[in-house]
Amino acid sequence: MEIVITFVPDLYAFHLPDLEFDELERVLDEWEDPVSLFEFFSDNEADLNNEYTIEQAIEKTRIDVKKFRKRMLDLASATPSRLNEFFHNLHNQEYKQSVIPRQKAKQSWLRLYALKIVDDDKIFYVITGGMIKLTHLMESRPHGLFEKNKINQCRDYLKDKGVYDTDSFIEIFF
């Protein structure tokens, strides 16, 4: 497991072994690739609940990805960074503070998952993955359960390495 700097300020990403791209690039590429989208929506057509055809779902996703990417870049490029407006607690009912909290960013059915590393004056986010979420609970589908397990494994990895704030994160990984 490796952590890399992304093209977005204050945003890092896990680069998992045996994968060509880091998790941010991988997710964005999948969301923009019509073949990947066709396969995904074909496999999960029942979750569209007859609200969208596969072709409509692909087009909607590709439009939403453009909005998602623009919003992420605009908030990250602000001075100071406003990525904290992009990411929110993974679970809507989660209110207590925790070390390295799990976060999500969403646009329609697009979900980007990250870990938040914070101290008094700086916030970093580390992308762990993402998915198209068509059901209420992410763990109700295999791809959602996979992403939930991955964010937990990445969080455990950071804790095991001794990360607890932005200084320890930079000291250990960069």
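The values are calculated or read from the model by the stated rules, or taken from the named source; none is laboratory data. Everything quoted here is computed from the prediction, not taken from an experiment. Ideal geometry is used to build each Cβ from the backbone, glycine not excepted, and the neighbour counts take in all protein chains shown. The area values use the complete protein model at the heavy-atom level, side chains included, leaving out ligands, DNA and RNA. Shrake-Rupley method; radii C 1.70, N 1.55, O 1.52, S 1.80 Å.
Remarks
- Breaking point among (1) closer than 28 Å to Asp43 by Cα; (2) assigned to a helix (DSSP H, G or I); (3) in contact (Cβ under 8 Å) with a residue 12 or more places away in the chain, for Asn84: (1)
- As a summary of the residue check, Tyr12 satisfies the conditions (1) farther than 18 Å from Lys106 by Cα; (2) in contact with a strand residue (DSSP E or B) (Cβ under 8 Å, 6 or more places away or on another chain); (3) outside any loop (DSSP other than H, G, I, E, B) except for the one numbered (1).
- Total residues in region 147-174, condition in a loop (DSSP other than H, G, I, E, B) and either of a type in the set (A, V, I, L, M) or touching a Gly at 6+ places or on another chain (Cβ under 8 Å) (or both): 1
- Scope region 115-144; condition of a type in the set (A, V, I, L, M) and either open to solvent by less than 40 Å² (accessible area, probe 1.4 Å) or assigned to a helix (DSSP H, G or I) (or both); matching residues: Leu115, Ile117, Val126, Ile127, Met131, Ile132, Leu134, Met138
- Some residue of region 73-81 being open to solvent by 20 Å² or more (accessible area, probe 1.4 Å) and either under 23 Å from Glu139 (Cα atoms) or of a type in the set (Val, Ile, Thr) (or both): yes
- Within region 75-124, tally of residues that are under 20 Å from Gly144 (Cα atoms) and among the aromatic types (Phe, Trp, Tyr): 3
- Residue match in region 86-108 (condition: out of contact with any strand residue (DSSP E or B) (no Cβ under 7 Å at 6 or more places or on another chain), among the aromatic types (Phe, Trp, Tyr) and open to solvent by less than 60 Å² (accessible area, probe 1.4 Å)): no
- Filtering region 37-72 to residues that are in contact (Cβ under 8 Å) with a residue 60 or more places away in the chain, in a helix (DSSP H, G or I) and more than 19 Å from Arg26 (Cα to Cα) leaves Asp47, Leu48.
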